[in-house]
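Below is one structure, written out as structure tokens; the observations come after it.
The values are calculated or read from the model by the stated rules, or taken from the named source; none is laboratory data. Quick caveat: nothing in here was measured; it's all calculated off a predicted structure. All Cβ positions, glycine included, derive from the backbone under ideal geometry; neighbour counts span all protein chains shown. Just so you know, the surface numbers come from the protein's heavy atoms only, side chains and all, with ligands and any DNA or RNA stripped out. Shrake-Rupley method; radii C 1.70, N 1.55, O 1.52, S 1.80 Å.
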Amino acid sequence: VLPVPGAPAVADTEDMDREGAETYLRLLAETVLRGSPAAAAEPGPPGTSRMMVVGHALIAVGALDPDVTEEILADFWLAVSMRQLHGEPGQPVTAAQWLSQGRAAPPRKPRPGAPPTAPPESAPPGADADQERSARFVPVGLTVPFRSGAISGELCLMSFARTGAGARFVAAWGVRSPSLELQSGFQHPGLIPFDEFTVTDDRGARYQLDHTPGSDLEWPNLIGLSPDPPQNIRWLDVAAPYRQAVRVDLRPAGDAAPASVSDTTLSPGEHLLVMLAERLLTWTPGFPRSGRLAGPPAGPWRAMTAGFGDIIAALEAADVLSPLSPVPARLATLCASLDLNGHGIAVPPARHLPEPWLSLLAHYQRRRPDPAQLRDGYAALAASLPELDGIRLTLLGLQHTQGNSALHVLAQGRTPEPRPGPLDIDLSFPLSIWLRDSGGRWHAARQDRCHRAGRESTIRLRLVPPLTRPVDWVEVLAGGRSAEVRATLPLHWRYPS
Amino acid sequence: VTRVPNEPWYTPLPPCETTVPCGQGRHVIRWEAGQLRLASHADPEAELVLAALGGQKARCVEIAEAWGRHVADLTVLTVWPRDPAAGIEVGWDDVDAAGQADQGGWAVPRHGAMRLASPPTAAIAMAAARRRRYQQEAGQASQRRLDMLSLLALGTGFQVRLSGQVAAAYAGRLDEPDEHGRNVRSVLTAALSGRLAPVAERWLGIDPDQVEASLHQEPGWGSVELAGHGQQRRLLVSLPAWWLARVWACGLALTGRHLVVAVEGACWPDARVLALRAPGAEPVSLSAHGSDGPPGSVDTPHWEI
């Protein structure tokens, strides 16, 4: 397998065929209802997985309204249940369960001329845009030591961000206790004495550290300031009990990172397939290896992979994927490389794969894991990337803790509603993020934690594979449907003592 | 070139009837010329008025109401049998069991009682509204399921006739959404595909998954072509949506080893049909004669050339 030479742009199929999408899903229901031994053998109503993955894919590209999908699935399950009345009792599954909307039955409401997807949260567009423009991002890179009874450690401030949703630090924690060696906050967040810190601004106003924005004890990196400080403060003094305060200078605001933008013009279908491919690539490390890569025996991974052929056919029926697109062939190659059979992709595998995919595959196929040479530490960042598909991405810190690496980002803009489904992709963050380290290795960034507030989401992205060396710089590659952005960022690592 | 006959879609169909448990006995329900008739209830409308005043509603009357609710419901085409020979078997015991389960009410999540210093009136009102909406939606879903079971329990003859009525209700207006906003063309394309596939299997021995059907919307009867070989073999069929009502629901789809593509005229038990001997051939006009199926067979007519 070779790297893609020049990655040729693919014809965009902007005018999607929503009737074609709906017809495809209904025709699939007919095929499934006719029944095949394979479909009948799966748990739940026969063919459920096929219907669900295709329905979710068509919702993801905006070709099917979630309400329409829910109705089709509800009718399908009604048809199945009527046929099973005197047969084996099936496991009841409702459309509502899948769509997580909490409705027990398909709503029968008039919706002629309804838009294909539900609009995101409404807000005065001007006000939101103003707030995004007036946002302030500052790289910090300061360590605040603390001691609270038997607990001691460091609060490592990576960056400060102030947006319409409020002010917060992105931070890492180093925590020591008599029973623990140094831990960096991932494992024992309950030990962190948030409420014992004091924060004072240049006018003498006092604030408290507030862990509630993420409301997630497994995610102590997002620390709000309460009350919300005014916009034009110059500095903040952050102090642990009985310790001298550490001054955080807020004047040098983070600049837009020097970045290059290039058009990609992926069709919605290609973009979805790329997201699915990256999901496969980042799923893989969780599974045991036995010589070659081995996938799990069951679960959503299997269902998604087995549905690739149906998904591709559905995307073509909806006119969101050209039959000439090279992406399905790359997906076939990826499946073959990961030893995944039964994907149903009709086209032959491609000889070329994107360079980041190859880098990750090469990592997996090494017989011995890289020896970890990177101590727990962090690099301060506050770099905004050019807007991509209506989303403005700001990088707020890079952290390496206990063998795991994470990139903290803030995404602002009009993003689709989250739609949980069997494909296990996040529709509300439809960007592909990769990092290339100064050693030339690529790392995929997979969403790990997300806090959504209005038009912005603070996200912790876990790097797969994690960093193994204290790299001097990283190149960030953020890919959307219309373009991709590349920005090279120098890194200055800091390590808790 | 064919045209859509002016006569109703059901002219090739004989009446059919069944008995249902109603009150203390069994009553006859009859379908004839597109209408459902309750032989044992002389004035169903008056019974409905009495029921509204607190009287008990007769099951025959409930069935007639359900029939009326679903006579233009596209869900019938997505749920009902694709092949009369493989009808959905529902008994009146199933209907009774479903009805009793529904009378148990719907489980609405409840929380333990809490004492509050000042009752949050707005929150209580919102919770009550949510509860009402949940009950309403659950009630509609339950009613719909009970309707479906009752109508299926009438038997295969009624099942295919109701499918015919629904198809006929939409065959002439493919471009308009139905009352729930569903894309009619999508539903009818899938309905055609699902019903044609088993017919084609019996006609040619082809794998039903190799049949690709589409709605023919131009003048004429459509087209039937065989393409490809082996696993790539496809039977490409394009037929008007009327085919579902005039041909399939009337039991004419496969008559005398011919695929019937249109009905030129009919008056039970005789019909003049346009039929294909083989894919790609020119259709020929044939006379068909119908008879009731042998005793114990499904309640659809049997046709001979």
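In chain B, helical runs assigned H by DSSP with n ≥ 4 each contribute -39500 (n - 2.57); averaged across all residues and rounded to the nearest 500, the mean residue ellipticity at 222 nm is -11500 deg cm²/dmol.
The residues of the range B:35-84 listed by number as losing at least 30 Å² of accessible area in the complex, against the isolated chain and with a 1.4 Å probe, are B:Thr78, B:Val79, B:Arg82. Diffusion coefficient (Stokes-Einstein, Kirkwood radius over C-alpha pairs, 10 °C, 1.306 mPa s) for chain B: 73 µm²/s, rounded to a whole number.
For the range A:338-424, carbon and sulfur atoms together expose 50% of the accessible surface, with a 1.4 angstrom probe and every protein chain in place. The solvent-accessible area of A:Thr198, taken with every protein chain present and a 1.4 Å probe, is close to 50 Å². Report, to the nearest whole %, how much of the accessible area of chain B belongs to carbon and sulfur atoms, 1.4 Å probe, protein only. With neighbouring chains kept in place, the figure for chain B is 51 percent.
Figure note: B:Arg131, A:Arg469 ranked by solvent-accessible area, largest first, 1.4 Å probe, ligands and nucleic acids not counted: A:Arg469, B:Arg131. What chain B shows is 50 Å² of accessible area per residue, with the surface traced by a 1.4 Å probe over protein heavy atoms. For the residues B:Arg257, A:Arg162, A:Arg243, a 1.4 Å probe over the protein chains yields an accessible-area ranking, largest first, of B:Arg257, A:Arg243, A:Arg162. If one takes the longest principal axis of the Cα atoms in chain B, at what angle in degrees, from 0 to 90 and to the nearest 10, does the Cα axis of helix B:121-153 lie? Relative to chain B, helix B:121-153 is tipped by roughly 40 degrees.
Taking amide H positions as modeled 1.01 Å from N, with prolines and chain starts lacking one, the residues under 5 Å from A:Ser428 and 5 or more places away or on another chain are A:Arg419. Peptide B:185-195 is shielded by partner chain Cβ atoms: per residue, an average of 5 of them sit within 10 Å of its Cβ. Rolling a 1.4 Å probe over the protein heavy atoms leaves B:Ser163 with an accessible area of roughly 0 Å². Close amide H pairs (under 5 Å, H built 1.01 Å from N) link A:Cys450 with A:Arg460, residues at least 5 positions away or on another chain. Counting only other chain Cβ atoms within 10 Å of each residue's Cβ, the peptide B:139-145 averages 4. Here the extension length gained between B:His289 and B:Arg132 equals 51.0 nm, from 0.36 nm per residue of separation less the Cα-Cα distance. Each chain gives up part of its surface: B and A jointly bury about 2700 Å² of accessible area, both sides summed, for a 1.4 Å probe. For the range B:163-259, list log₁₀ I(q)/I(0) at each q in 0.12, 0.13, 0.16 Å⁻¹, using the Debye formula over Cα point scatterers of equal strength and ignoring solvent, two decimals each. Debye curve over Cα of the range B:163-259, log10 I(q)/I(0) at q = 0.12, 0.13, 0.16 Å⁻¹: -0.38, -0.45, -0.66.
Comparing the full protein assembly with the isolated chain (1.4 Å probe, heavy atoms, ligands and nucleic acids excluded), the residues of the range A:63-87 losing at least 30 square angstrom of accessible area are A:Asp75, A:Leu78, A:Met82, A:Arg83, A:Leu85, A:His86. Just read off the accessible area of A:Ile192 with the full protein assembly in place, 1.4 Å probe, to the nearest 10 Å². Only protein atoms counted, so the area is about 10 Å².
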